[in-house]
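Everything on this sheet refers to the single structure shown next.
Since every read-out is calculated from the coordinates, none of them should be taken as a lab result. It should be emphasised that the depicted structure is a prediction, and the values quoted were computed from it without experimental measurement. Cβ placement follows ideal geometry from the backbone for every residue including glycine, while neighbour counts extend to all protein chains displayed.
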Amino acid sequence: MSTLTHIDKQKLERELGMGGGYVLDFSNRTFEEFFWEVVGVQIYDSQYDYGSGSKANRMRAFWRVATDKQLILLFQGLLEGWEIYSNAPIPDTSRDLIHSVLAKLGVTLSTLHKQQDDTFQLNIGVSQRLTSRLFEVTALPAQRRGYEFEKFLQELFDVYDLSARASFRLIGEQIDGSFVVHNDTYLLEAKWQNSPIGVADLHTFEGKLGEKASWSRGLFVSNSGFSTDGLQAFGRGKRTICMDGFDISEMLRQRMSFVKVIDAKVRRAAETGCPYVSVHDLFV
């Protein structure tokens, strides 16, 4: 029997938009496919007939009889596929609620991240959508690309459930955003320009990091990459790691775990002092 409390269910109903008989933006077909492929149950089986037989009522019937293992599969699937089935990034309130429910079921954030490191594969539909979105940014006028590139990166981090924050401004400086991996906060610098990033921009971002808490790290994302001379002049032993447009494309093409990519870059930087090694070279 389900261990969800009445309060859990009421909160979940609110976040999933179940008041009108719907669940997110699932169609009958996608609802059936989701439950079969992710949870392993036939949601239109007679045991889930309840009330009007709407998607919301079938979800309620499932909550009544589901095992904890089935609930875990359901909620992990919702975290991964929320954007597909709602056509919008997952709200913080929804993410936090699902995390709290999973914690009651014995699945902590650290467990989720470890599962992502070891077995995660990005949903193919999400991968294709993000790849198309990146191409759309490429086609934009130059003055809009930087802003839209930042928005794209926040969408990317949200897909990987990394508690992303949009750009914020402090006195005298701007940070393009932040995200969290393994409880480490990464500040983000994002650049879209025609030429590779040189040493001046790298030093400027490292200087911003130096004014923050000692445990914060930095990710510098440049669609056009980084100049070899700039990386050499930047030196070693910094808190910044680097990612370029080819890294993002390769990660999406292979449907890789973003956490796994960041971990590999951090480890290589620790071993060699080099802030940039391509995803291709890290995983060949």
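Which trypsin sites (Lys or Arg not before Pro) from region 187-284 combine a DSSP loop assignment with at most 14 other Cβ atoms within 10 Å?
Numbers: sites: LYS191, LYS208, LYS212, ARG217, ARG236, LYS238, ARG239, ARG253, ARG255, LYS260, LYS265, ARG267, ARG268; in loops: LYS212, ARG236, LYS238, ARG239, ARG255.
Qualifying residues, ordered by number: ARG236, ARG255.
Calculate the FRET efficiency for VAL38 and TYR147 from the Cβ-Cβ distance with a Förster distance of 25 Å, rounded to the nearest 0.05. Intermediate results must be reported in sequence, preceding the final value.
Details: r = 35 Å, r/R0 = 1.39.
Approximately 0.10, to the nearest 0.05.
The modelled label-to-label distance between SER52 and ASP92, using points 7 Å beyond Cα along the C-beta direction, is 3.4 nm. Spin-label model, ALA233/ARG29: points 7 Å from Cα along the beta carbon direction are separated by 5.6 nm. Out of [x] 38; [y] 48; [z] 45, which label holds the value of percent of Cα pairs over 26 Å apart that was computed here? Given [x] 38; [y] 48; [z] 45, the calculated one carries the label [y]. Note on ALA200 and ARG133: their simple-model spin labels are 3.2 nm apart, each label 7 Å out from Cα toward Cβ.
Pairs of lysines in the chain whose Cα atoms sit within less than 15 Å of one another amount to 9, provided the residues are eight or more positions apart or on different chains. The Cα center of region 127-150 and the Cα center of region 171-244 differ in position by 20 Å.
Bridges between two residues of the chain, per DSSP, are antiparallel at a rate of about 45%. Exactly which GluC sites (Glu not before Pro) in region 188-220 are in a DSSP loop and have at most 13 other Cβ atoms within 10 Å? Within region 188-220, the qualifying GluC sites (Glu not before Pro) (loop, at most 13 other Cβ atoms within 10 Å) are GLU211.
Since only LEU231, GLY81, LEU71 are under comparison, the one whose Cα sits farthest along the positive direction of the charge dipole of the chain, derived from C-beta charges on Lys, Arg, Asp and Glu, is LEU71.
Taken over region 124-283, the alpha-carbon convex hull comes to 109 cubic angstrom per residue. The calculated FRET efficiency for SER214 paired with LEU282, based on their beta-carbon distance and R0 = 30 Å, is about 0.70. As a calculated quantity, the FRET efficiency between ARG64 and VAL180 at R0 = 51 Å, using C-beta atoms, amounts to about 0.90.
About the Cα centre of region 124-283, how large is the charge dipole given +1 on each Lys and Arg Cβ and -1 on each Asp and Glu Cβ? Please answer in debye to the nearest 20.
Numbers: 20 positive and 20 negative charges, 28 e Å.
In total the dipole reaches around 140 debye.
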